[in-house]
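Trainee: Before I ask anything, here is the structure I am working with.
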Amino acid sequence: MEVAHLQPLSLLDYPGKVAAAVWTVGCNLRCPYCYNAELVLPELGADLPRLPAEAVVARLQERVGFLDGVVVTGGEPTLHRDLVAFVRRLKELGFLVKLDTNGTHPGVLRSLLEDRLVDYVALDLKAPFARYREFTGLLSPDPVASELVSDIVLRVRESIALIRDHAPDYEFRTTVAPGLAPDDLIAIANEIRGARRYALQPFFAPEGKRLVDETWRGQFTLSAEKLRSLLPELQEFVPTELRG
């Protein structure tokens, strides 16, 4: 596991739980609005110090009895071959485990769910699938890039089905990035019609944090008020909440 950061306490990342958060390095997408660029872009992440997985487990072991759970986030955790073994260690310590994922590695997700190693899965839906190319940063006109996006959409659809059928608890969520319109959010809600919950997260660009594509900073985004007004329409498809 390539771990960049261990947040020893979070009251926000695992709904209703006191948790730690483990941030992994690396992502297979290039969502332009992402503000964890140092975890996504190799040229930025190369100089990040890594925390050895054993050291992370040891620090978490000290917090047994205080923490309810651990959130494994990133970056994209399912890129790491030893994720399953790492999560198994967390479960052996008695922690609940929440996984944040982009859903592009359903095989890894299946292994975690079949072995009952995750208690909560949060899958980020970037945009309606017809616009995934734009919002995942895979905009090359190369036909290979087009095939890659099609494959990613198929993988995310498979992950959605796995989560709905097998996850003990879960949510789908969307960061409402610049350029997403009300009709886009309605299309996403329709795609996951009947799911357990859907969360909207207003986009913001924290000071001092670089975006994957800085040209997206300051672009128009739907306001919290507008998103709140959309909730009744979205809730016709799936229970929806606004966060932040």
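Trainee: Quick one: dipole size for the range 63-138, taken about the Cα centre, charges +1 on Lys/Arg Cβ and -1 on Asp/Glu Cβ, in debye to the nearest 20.
Mentor: Dipole about the Cα centre, nearest 20: 80 debye.
Trainee: Ok, one more. Roughly what % of Cα-Cα distances in the chain sit above 33 Å, to the whole percent?
Mentor: Numbers: 4356 of 29646 pairs.
So the pairs more than 33 Å apart make up 15 percent of the total in the chain.
Trainee: Another question, then. Pull up the cross-link candidates among the lysines for Lys98, meaning alpha carbon to alpha carbon under 27 Å and not fewer than 8 places away within one chain.
Mentor: Reachable lysines: Lys17, Lys126, Lys209.
Trainee: A further question follows. Leaving out ligands and nucleic acids, and using a 1.4 Å probe, what accessible area per residue does the chain come to in Å²? Show your work: numbers first, answer last.
Mentor: Values: 11420 Å² over 244 residues.
Solvent-accessible surface per residue comes out at 47 Å².
Trainee: Ok, one more. Please state the charge dipole magnitude for the range 122-244, taken about the Cα centre, from unit charges on C-beta atoms (+1 on K and R, -1 on D and E), reported in debye and rounded to the nearest 20.
Mentor: Dipole size: approximately 240 debye.
Trainee: Quick one: with all protein chains in place, what share of the accessible area of the chain is carbon or sulfur, to the nearest percent (1.4 Å probe)?
Mentor: 52 percent
Trainee: Now for a different question. Between helix 143-166 and the chain, what is the angle of the helix's C-alpha long axis to the longest principal axis, kept within 0 to 90° and rounded to the nearest 10?
Mentor: Tilt relative to the chain: about 60 degrees.
Trainee: Order the peptides 19-32, 167-180, 83-96, 210-223 from the highest to the lowest mean number of other Cβ atoms within 10 Å of their residues.
Mentor: Working: 19-32: 21.9, 167-180: 20.0, 83-96: 17.0, 210-223: 14.6.
Descending packing order for the listed peptides: 19-32, 167-180, 83-96, 210-223.
Trainee: Let me ask something else about it. Please list log₁₀ I(q)/I(0) at q = 0.25 Å⁻¹ for the range 78-176, using the Debye equation with identical point scatterers on the alpha-carbon positions.
Mentor: Rounded to two decimals, the profile gives -1.30.
Trainee: What are the equivalent ellipsoid semi-axes of the range 1-51, built from the alpha-carbon gyration tensor (square roots of five times its eigenvalues), in whole angstrom, biggest first?
Mentor: Values for the range 1-51, descending: 23, 14, 8 Å.
Trainee: Next up: Sum up the charges of everything whose Cβ sits under 12 Å from the Cβ of Leu112, counting Lys and Arg as +1 and Asp and Glu as -1, but leave Leu112 out. Don't skip to the answer; put the middle values down first.
Mentor: Details: positive: Arg88, Lys91, Lys98, Arg110, Arg116; negative: Glu114, Asp115, Asp119.
Once all neighbours under 12 Å are counted, the net charge is +2.
The values are calculated or read from the model by the stated rules, or taken from the named source; none is laboratory data. Please read these numbers as outputs of a predicted model, since none were measured by experiment. Heads up, the Cβs are rebuilt from the backbone with ideal geometry, glycines too, and the neighbour counts pull from every protein chain shown. Side chains are part of the model used for accessible areas, which takes the heavy atoms of the whole protein and leaves out ligands, DNA and RNA. Shrake-Rupley method; radii C 1.70, N 1.55, O 1.52, S 1.80 Å.
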